[in-house]
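Accompanying notes for the structure given below.
Readers should treat all values here as calculations from the given coordinates under stated rules, not as data from a laboratory. Just so we're clear, the structure is a prediction, and the values are computed from it rather than from any experiment. With ideal geometry, Cβ positions are generated from the backbone for all residues, glycine too; neighbour counts draw on all protein chains shown.
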Amino acid sequence: MKAMLLVFAAAGVLAAGVGYAQSGTDVVKSKCAACHEADKKKVGPSFKESAAKYKGDKGAQAKVVEKLKEGKGHPKVAASDDELKAAVKQALSTK
Ligand code: HEC
């Protein structure tokens, strides 16, 4: 019984760890929210607006990640590739 509990606890920790690394929501909160909101224009366009603009564009995520990484046509955002990918994915799926 004790062993089972340990396995469940370990699995819980793992799941939480993975979820955190992939969560665009957390990155958006810490790295994007100063300039963006989901459905209101702030410093930059609302994520809803950008999602609509790139709707159906399969290369959009890569394109926007590149912009944010290089600071071309977008203020440069200091974040890892994975963080940017997750955040942009989150932004472009805003409805
Ligand atoms: C310092 C302010 C600032 C921060 C921080 C910021 N943005 Fe932006 N963002 C802007 C501005 C200004 C624009 C409008 C310029 C443009 O046309 O790309 C923009 C545009 C965008 C667009 C639309 C790009 C396009 O091609 O239409 C997306 C998507 C976007 N930002 C996502 C993000 C994400 C995701 C983050 C966080 C990782 C982020 N931004 C952080 C200011 C910011």
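If only residues of the stretch 22-37 that are closer than 16 Å to VAL77 by Cα and in contact (Cβ under 8 Å) with a residue 24 or more places away in the chain are counted, the one that is farthest from the chain's Cα centre (by Cα) is CYS35.
Of LYS58, LYS67, which residue is basic (Lys, Arg) and either at positive phi or near the ligand (Cβ under 8 Å from one of its atoms) (or both)? Walk me through how you get there before you give the answer.
Details: LYS58 fails: either at positive phi or near the ligand (Cβ under 8 Å from one of its atoms) (or both).
Result of the check over LYS58, LYS67: LYS67.
Of the residues in the stretch 38-48, none is touching a residue at least 24 places away in the same chain (Cβ under 8 Å), in contact with a Gly (Cβ under 8 Å, 6 or more places away or on another chain) and either over 18 Å from SER23 (Cβ atoms) or surrounded by 12 or more Cβ atoms within 10 Å (Cβ to Cβ) (or both).
Which one is nearest to the ligand (Cβ to nearest atom), of the residues in the stretch 76-95 that are within 18 Å of LYS40 (Cβ to Cβ) and surrounded by fewer than 18 Cβ atoms within 10 Å (Cβ to Cβ)?
Just the residues of the stretch 76-95 that are within 18 Å of LYS40 (Cβ to Cβ), to begin with: 87, 90-95.
Restricting the remaining residues to those that are surrounded by fewer than 18 Cβ atoms within 10 Å (Cβ to Cβ) gives 93-95.
On the way: SER93: 11, THR94: 9, LYS95: 14 Å.
Per the criteria, the residue is THR94.
Condition first: part of a loop (DSSP other than H, G, I, E, B) and of a type in the set (S, T, N, Q). Can you find one or more residues in the stretch 49-56 that meet it? Before the answer, list the steps.
As a first pass, look at the stretch 49-56 and keep what is part of a loop (DSSP other than H, G, I, E, B): 54-56.
The next check asks that each one be of a type in the set (S, T, N, Q); those that pass are none.
The answer is no, given that none of the residues of the stretch 49-56 is part of a loop (DSSP other than H, G, I, E, B) and of a type in the set (S, T, N, Q).
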